[in-house]
Amino acid sequence: MRGWSKLFICIGLLFMFHFPAEAYSDSIPKQAVHIKRAETLKGLVNRSTFIAYGWFDTSHQKRSLDKSVQSGRLVNFVQRFHVDQYIKGTNGKIINVLSTGVEPLPAPLNPINKVYPGPMAEGRYVCFLKPVEGTEFYTIVGGWQGVYPVYEGKIISLEDGFSELNQLTLRQLETKIKSY
């Protein structure tokens, strides 16, 4: 009898964790995330509720949208951003980040990637984040402007990012952000 009760408990736990995931995908917005670029670094900082250093999991939820573009269908993705340190603001240790991308995935140099970047690759980043109104999700401010990979303790400014952040340490970034 004892073995059977363990089996039923295990099955119950599997179902308990399965159902919320399906309900969770229903809460993903049906509208694409619109990216509004910031004119200045100060503008990016001011539009961000949180600036955080951490790492992304792979995308764990997605929802197809009712819109297609030249190379495929638009999809909203949700992935967890695990925060190691807040540079501006404060929140929990995990932030659910919403992004819109294209499936099938376009070639890396396709300009559609600037408009619909999709989920981030696994790795360590500094992200500028704000809430998506009416949801429990957050989005990256300014698209690629709000994402800075961190390599060997230094920030890398991507093509669309602000060059004044390139090669800063997290401490230097924090000092710069607090000056605004």
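The values are calculated or read from the model by the stated rules, or taken from the named source; none is laboratory data. Remember, it's a predicted structure, so these values are computed and weren't measured experimentally. Heads up, the Cβs are rebuilt from the backbone with ideal geometry, glycines too, and the neighbour counts pull from every protein chain shown. To get the accessible areas, we keep the full protein, side chains included, count just its heavy atoms, and leave off ligands, DNA and RNA. Shrake-Rupley method; radii C 1.70, N 1.55, O 1.52, S 1.80 Å.
A few notes on this one:
- Matching residues in segment 64-94 - criterion: being hydrophobic (A, V, I, L, M, F, W, C) and either within 25 Å of residue 107 (Cα to Cα) or touching a residue at least 40 places away in the same chain (Cβ under 8 Å) (or both): 65, 69, 74, 75, 77, 78, 81, 87
- Residue 135 satisfies every condition listed in (1) among the β-branched types (Val, Ile, Thr); (2) farther than 30 Å from residue 61 by Cα; (3) open to solvent by 40 Å² or more (accessible area, probe 1.4 Å) except (2).
- Subset of segment 98-129 (residues that are in a loop (DSSP other than H, G, I, E, B) and of a type in the set (S, T, N, Q)): 110
- Qualifying residue in segment 54-62 (condition: over 18 Å from residue 143 (Cβ atoms), at pLDDT 90 or above, surrounded by 10 or more Cβ atoms within 10 Å (Cβ to Cβ) and touching a helix residue (DSSP H, G or I) at 6+ places or on another chain (Cβ under 6 Å)): yes
- Residue within segment 63-85 that is modelled with pLDDT of 95 or more and part of a loop (DSSP other than H, G, I, E, B) present: no
- Some residue of segment 143-151 being of a type in the set (Ser, Thr, Tyr), touching a Pro at 6+ places or on another chain (Cβ under 6 Å) and modelled with pLDDT of 95 or more: no
- Residue list for segment 81-112, restricted to those being crowded, with 18+ Cβ neighbours inside 10 Å and either within 15 Å of the chain's Cα centre (by Cα) or on the phi > 0 side of the Ramachandran plot (or both): 81, 83, 95, 96, 97, 98, 99, 100, 101
Yes or no, residue by residue, for (1) in contact (Cβ under 8 Å) with a residue 40 or more places away in the chain; (2) within 15 Å of the chain's Cα centre (by Cα):
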| residue | (1), (2) |
| --- | --- |
| 136 | yes, yes |
| 146 | yes, yes |
| 151 | no, no |
| 162 | yes, no |
| 166 | no, no |
| 170 | yes, no |
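- Residue that is most open to solvent (accessible area, probe 1.4 Å), among those in segment 159-179 that are among the small types (Gly, Ala, Ser) and under 28 Å from residue 101 (Cα atoms): 163
- Matching residues, segment 118-131, being open to solvent by less than 30 Å² (accessible area, probe 1.4 Å) and either of a type in the set (Ser, Thr, Tyr) or within 23 Å of residue 28 (Cα to Cα) (or both): 118, 120, 125, 127, 128, 129
- Hey, residue 112 over 21 Å from residue 47 (Cα atoms) and hydrophobic (A, V, I, L, M, F, W, C) or not: yes
- Of all residues in segment 30-42 being surrounded by fewer than 17 Cβ atoms within 10 Å (Cβ to Cβ) and not polar (S, T, N, Q), the one that is farthest from residue 117 (Cα to Cα): 42
- Taken across segment 138-158, residues that are surrounded by 12 or more Cβ atoms within 10 Å (Cβ to Cβ), part of a helix (DSSP H, G or I) and on the phi > 0 side of the Ramachandran plot do occur, with at least one present.
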